[in-house]
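Beneath this line is the structure, given in structure tokens, with notes to follow.
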Amino acid sequence: MASLVKKIFWFFYSLLIKIILRIHGIRIGKKFYIEGIPKLKIKGKGSNIEIGNNISIFGNIDLRNRENGKIVIGNNVKFDNDTRIVSAKDGTIKIGESSAIGPYTIINGGGNVTIGKKVIFAKNISINANDHEHKRFINICDQGFIYADVIIEDDVWLGANVCVNKGVIIRKGSVVGANAVVTKSTDQYSINVGIPSKKISERK
């Protein structure tokens, strides 16, 4: 009985959140489910955020855009708790169908971030399509940013605490082990570990 009551509660709660998101201009599909609070910092257009069908969010989610930044979430994507997605400038952050995003993931745009289909993120993933300039004799906080796209192709698995730097392509089928920092593009179906990450094997 308690389980049924809980399901009914989250069903109607999700409908309410869906209405609130649409009021902010966010485009959202069918079968939206959420068990947390969406935190919105929309300094661009709400319509630049598009959420597909059958989306499940098992906790809070933080969605931010500014300038002409876009966020596009494909169908059947699942989010664990406390994910932050930030899109800025003319960049687009796109998450492909049937991908699973682990807890405490942060995706920072500026450049484009493209995540393919059936991708799995473990916890604490950091993806950055930007970086601070860091010229000598000027405070870093007074300098601008450098932008470069990040592409994560289909069927990729990122282990816990992985950091993906700007300009990187993680090619189809790649596995990146826990705590790795990815500074260079990977080979298809490769297994990569370390700081900076290096190929150590291939999927069999």
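The values are calculated or read from the model by the stated rules, or taken from the named source; none is laboratory data. As the structure is a computational prediction, the values presented were derived from the model and not from experiment. All Cβ positions, glycine included, derive from the backbone under ideal geometry; neighbour counts span all protein chains shown. These area figures cover heavy atoms from the full protein model, side chains too; ligands, DNA and RNA do not enter into them. Shrake-Rupley method; radii C 1.70, N 1.55, O 1.52, S 1.80 Å.
Placing a pseudo-label 7 Å from each Cα along the Cα-to-Cβ vector at residue 203 and residue 2 gives an inter-label distance of 4.0 nm.
When Rg and Dmax are taken over the Cα atoms of the range 95-166, they come to 14.0, 47 Å.
GNM on the chain, alpha-carbon springs under 10 angstrom: the most fluctuating residue among 96, 173, 194 is 194. Convert 37 °C to kelvin, take the viscosity as 0.692 mPa s, use the Kirkwood radius over C-alpha pairs of the range 1-50 as Rh, and evaluate the Stokes-Einstein diffusion coefficient in µm²/s, rounded to a whole number. Roughly 275 µm²/s, to the nearest whole number. Accessible surface area normalised per residue over the range 90-155 is 52 Å², counting heavy atoms of protein chains with a 1.4 Å rolling probe. With θ taken as phi - 60° and the Karplus curve 6.51 cos²θ - 1.76 cosθ + 1.60 applied, the whole-hertz 3J(HN,Hα) list for the range 50-62 is 10, 10, x, 8, 6, 8, 10, 10, 9, x, 6, 9, 10 Hz, x standing for glycine and proline.
Computed with a 1.4 Å probe on the full set of protein chains, the accessible area for residue 147 sits at about 90 Å².
For the range 27-145, dividing the convex hull volume of the Cα atoms by the residue count gives 95 Å³ per residue. Placing dummy labels 7 Å off each Cα toward the beta-carbon, the span from residue 98 to residue 137 is 5.7 nm. Computing Rg/Rh (Cα atoms, Kirkwood Rh) directly from the structure and comparing it against [x] 1.01; [y] 0.93; [z] 1.17 singles out [x]. Axis of helix 2-23 versus longest Cα principal axis of the chain: the two differ by about 70°, to the nearest ten degrees.
Structure shown: which of 39/118; 30/123; 6/123; 6/45 lie over 31 Å apart, alpha-carbon to alpha-carbon?
6/45
Could you check how much of the accessible area of the chain is carbon and sulfur, as a whole percent, using a 1.4 Å probe? Percent of accessible area from carbon and sulfur atoms in the chain: 55. When the Gaussian network model of the chain links Cα atoms closer than 10 Å, the mean-square fluctuations of 159, 144, 52 top out at 144. Taking every DSSP helix (H) stretch of at least 4 residues in the chain, weighting each as -39,500 (n - 2.57) and dividing the sum by the residue count yields a mean residue ellipticity at 222 nm of -4000 deg cm²/dmol.
Taking 0.36 nm per residue of separation and subtracting the Cα-Cα distance, what length does fully extending residue 187 through residue 47 add?
Once the chain is fully extended between residue 187 and residue 47, it gains 46.8 nm.
For the pair residue 75 and residue 31, the difference between a 0.36 nm per residue extended length and the Cα-Cα distance amounts to 14.8 nm. The accessible area of residue 64, taken with all protein chains in place and a 1.4 Å probe, comes to roughly 50 Å².
Computed over the alpha-carbon pairs of the range 1-91, the distance histogram in 5 Å steps reads 3, 14, 24, 27, 17, 8, 3, 2, 1, 0 percent, short to long.
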